[in-house]
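Read the structure below first, then the notes.
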Amino acid sequence: MPEIFKLPEHVANQIAAGEVVQRPASVVKELLENAVDAGSTSITLVIKESGKELISVIDNGVGIDQDQLELAFERHATSKIRSAEDLFTLSTKGFRGEALASIAAIAQVSCKSRVQGSEEAFEYTNHGGQSYDIKEVVAEVGTTISVKHLFFNIPARRNFLKSNSVELKHCIDEFQRVALIHTDIHWKMYSDDQVLFDLPSSNLLQRIGHVFGSKYPERVVPIKEATEVVKISGYVQKPEFAKKSRQEQFFFVNGRYVRHSYLHKAVIKAYEGLLNNDYQPGYFIFLEVNPSMVDVNIHPTKTEIKLVDEFEIFTLLQATVRHGLGQFRVNATIDFDLNPDYQVDYRSEQSYSPNRMPKVQVDPSFNPFVSVDANDALGFSQLVVETEAEQTTFSDDFKGDTISFESSHSPIQLDTKYLVIARDTKLVLIDQYRAHQRVIYEQLLAAMTVEVSNSQQWLFSEEIELNPSERNQFSQIEDQLRDLGFAMSLTDHQLTLSGGPEFLDTPNALKLFKELLNLSQDKHSLESFSTAELSARILSRNMAIRSGVKLSPEQMRKLLEDLNLCKEREWSPDQKLIFRLIDVQEIARKF
Ligand code: ADP
Ligand code: MG
């Protein structure tokens, strides 16, 4: 009968290491997360040969006491949880107490540390997980952990590593993920003595710019929503900047990078009709849920999680992204030829999905351990008790905030500025200028993107003098102007306009031409919006009926009917609120 032995600690650690450390990037992730957990405000990652030779992380966090150094490298030794219950209220990234022990079993590791308030620093050196020594050194407050010769004692694993460029890419991915979450930390990354990133503490949008390029922030739109189940925030890319790669897609749940194919689908659904087939939008989406509703314990590398309310979150996420894109409605023509299959039909989708969720209550007696399969929708139905939808105060044609303006009630005009209608227990005040602006904007976008813009020959051509800088601006947008339908010829100083877009009369076409020329000085708007979107916005500003104009009952009804056909009814193209609701209770207080 074979005799049973207990494996020596360092062998057990080596086996465990196989799970935690697959490649240099795994070490990078663990060390960076430890540095964050230590409360650092500045963290530097140094790697050599894509981490195969050296991975070093220097932080200015709380440090590790001399008499704790040895313990930190033991398996299941952690300062972050004390009991199993703590697992459900985790606020730190680490909790397994496995990383340092595992890494030390398969590499040569040293850890230099000085705790805050102490004059002394110590360096712990581990020899392949079997022995160690500690000596006094000179160091700043904080911790520096260096990992050399990864897999030196497991040649088979070392041979399995990919080329330096592939391994470096994985290290950079890990660095970016953690840097995107912790924007208040100053991050640096060096590879083979070259600075790859130097990211000063900033806000999220600036951080995105520092990581992905200074133009990136102009190519995204913000999203935000909060319900009892989840808080959603972040940025999603405008559709015309989508690429054929999934590189820039990030989900963070409670401050942890996660992969989630189901939620990814929710985002992609929100882009429906806006993207060419295999194009992928970039996104940086932060979800906050009650920690007890997440199980991070599925896999040691912790990028997969289970969410209890997945189905609710899916619906809400889709609506939130759609709403975000709707507010900054941009057409999808830039990257794609004018193929009607890829155009957004601005009129076809009248029932814009409401972004208010039904009120959801969580069953307090629910036991998270019982429903094992998070994809089982039946599992959720047990814990989600739908209560009456919040928006019951509205009649049927009022769907929460995505209100519908039927012509059945006659509006009155207030101060030649607002239209007023009464609905059930609410007064609805509509800004006539903003409402009309929205109507014109969507009609023009539809004209410009759904149909190919035709040029219309003018009776008299218009001569425009251009100075050298205007000429230069003109040459930058000439192609787009022709696409819009402008017919032009240019001599030395003079531009002759002989036709314009079919859907505009000559004075409006001229106005548009001049404003576009003017705007082309402003690089920001040119880069972040398509010409069609810019044109629609400019024209809507110029053509909308201003306040001060008296409207006939017929005109008012028509305006509301047109607004009703808009995809977005809440926000004007300039991001201003179109209508406000006043509840009867508010009115009652005045009596
Ligand atoms: P975990 O992070 O899961 O607790 P680790 O093996 O990664 O486990 O780390 C073990 C312990 O070592 C941590 O709980 C922490 O107390 C300490 N530690 C690790 N890295 C650092 C650091 N950079 N600064 C301060 N303490 C650290
Ligand atoms: Mg850790």
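Taking Cβ atoms as reference points and 14 Å as the exclusive limit, the residues near residue 231 contribute a net charge of -4, counting Lys and Arg as +1 and Asp and Glu as -1.
How much length is gained on full extension from residue 136 to residue 119, taking 0.36 nm per residue of separation minus their Cα-Cα distance?
Working: separation 17, 0.36 × 17 = 6.12 nm, distance 1.09 nm.
Full extension of this stretch gives 5.0 nm more.
With a cut-off of 8 Å between alpha carbons and a minimum separation of six or more residues, what is the relative contact order of the stretch 211-327 in percent?
Numbers: 192 pairs, mean separation 38.0, N = 117.
Contact order relative to length: 32 percent.
Note on residue 327 and residue 169: with the Förster distance fixed at 35 Å, the Cβ-Cβ geometry gives a FRET efficiency of about 0.50.
Assuming R0 = 56 Å, what is the FRET efficiency of residue 11 and residue 577, from their Cβ-Cβ distance, to the nearest 0.05? Walk me through the intermediate numbers first.
Working: r = 66 Å, r/R0 = 1.18.
The pair residue 11/residue 577 has a calculated efficiency of 0.30.
Spin-label model, residue 277 to residue 518: label points 7 Å out along the Cα-to-beta-carbon direction sit 4.4 nm apart.
Modelled spin labels at residue 53 and residue 67, positioned 7 Å past Cα toward Cβ, are 4.0 nm from each other.
For residue 590 and residue 203, what is the calculated FRET efficiency with R₀ set at 35 Å and r taken between the beta-carbons, to the nearest 0.05? Don't skip to the end; give the middle numbers.
On the way: r = 41 Å, r/R0 = 1.16.
My answer for the efficiency is 0.30.
Only the coordinates and a few stated rules stand behind these numbers; no lab work does. Because the structure is a prediction, the values reported are computed rather than measured. Note that each Cβ is placed from the backbone with ideal geometry, even for glycine, and that neighbours are counted across all protein chains shown.
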